[in-house]
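All remarks here apply to the structure that follows.
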Amino acid sequence: MHRFACVVLVDPHGRLLLQERDEHPVIDPEKWGMCGGHLEPGEDPLTGAVRELEEETGVLLAPGDLTLVEVATVFHAAYDSHDELSFYAAAVDLTDDDVVCGEGRQIVFVEAERVLDLDLTGSARQVLPGFLSGPVYSRLCA
């Protein structure tokens, strides 16, 4: 089993920061997903989420800024394994200009109405519908 941590940032307009992956990742190349990735050995998910977010976007948040949305089990065909995904979210007052694309084709804020129409990664398809209709997203948009 692999362990992952992912983060979605929500801007003041309710848009979600998502990454368009390029052709290089083993898991879900050329799909849209959340910023994040593998946890280091012994790394707790919150620390990994903060680290991955900074590595991929240049955005550094304090651990207390992130809310754990859920811990999900996701199947990754590339590894033929059911893996643990810790999914976090945070409200931010940022724009695309504040984000550095450190990995993938682009990392941009996407209107909530468009998110589920994108060609999403498996993990994003699994957790984002519930997130968008759930209380954490509503609170972060308020």
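The values are calculated or read from the model by the stated rules, or taken from the named source; none is laboratory data. Keep in mind the model is a prediction, meaning the values are calculated, not measured. Cβ atoms come from the backbone with ideal geometry, glycine included; neighbour counts cover every protein chain shown. When the accessible area is computed, the model is the full protein with side chains, heavy atoms only, and any ligands, DNA or RNA have been set aside. Shrake-Rupley method; radii C 1.70, N 1.55, O 1.52, S 1.80 Å.
Observations
- Given (1) open to solvent by 70 Å² or more (accessible area, probe 1.4 Å); (2) closer than 14 Å to Val8 by Cα; (3) part of a strand (DSSP E or B); (4) of a type outside the set (Asp, Glu), number of the condition Val108 does not satisfy: (1)
- Screening Asp83 on (1) open to solvent by 20 Å² or more (accessible area, probe 1.4 Å); (2) more than 13 Å from the chain's Cα centre (by Cα) shows it passes everything except condition (1).
- Considering segment 62-105, and only residues there that are in contact with a Ser or Thr (Cβ under 8 Å, 6 or more places away or on another chain) and assigned to a loop (DSSP other than H, G, I, E, B), the residue that is modelled with the lowest pLDDT turns out to be Gly102.
- Residues located in segment 93-110, provided they are within 21 Å of Asp28 (Cβ to Cβ) and either free of Cβ contacts under 8 Å to residues at least 12 places away in the same chain or among the β-branched types (Val, Ile, Thr) (or both): Val99, Ile107, Val108, Val110
- Once segment 54-71 is narrowed to residues that are in contact with a Phe, Trp or Tyr (Cβ under 7 Å, 6 or more places away or on another chain) and surrounded by fewer than 17 Cβ atoms within 10 Å (Cβ to Cβ), the residue that is nearest to Asp11 (Cα to Cα) is Thr67.
- Within segment 88-122, being touching a strand residue (DSSP E or B) at 6+ places or on another chain (Cβ under 8 Å) and of a type in the set (Gly, Ala, Ser) holds for Ala89, Ala90, Ala91, Gly104, Ala112, Gly122.
- In segment 24-53, residue nearest to Leu94 (Cα to Cα) [restricted to those that are open to solvent by less than 50 Å² (accessible area, probe 1.4 Å) and assigned to a strand (DSSP E or B)]: Cys35
- Of the set (1) under 16 Å from Phe4 (Cβ atoms); (2) assigned to a helix (DSSP H, G or I); (3) open to solvent by less than 80 Å² (accessible area, probe 1.4 Å), all apply to Gln19 but (2).
- The set of residues from segment 111-133 being assigned to a loop (DSSP other than H, G, I, E, B), under 18 Å from His13 (Cβ atoms) and touching a residue at least 40 places away in the same chain (Cβ under 8 Å) comprises Glu111, Leu118.
- Enumeration of residues in segment 124-142 that are modelled with pLDDT under 95 and surrounded by 21 or more Cβ atoms within 10 Å (Cβ to Cβ): none
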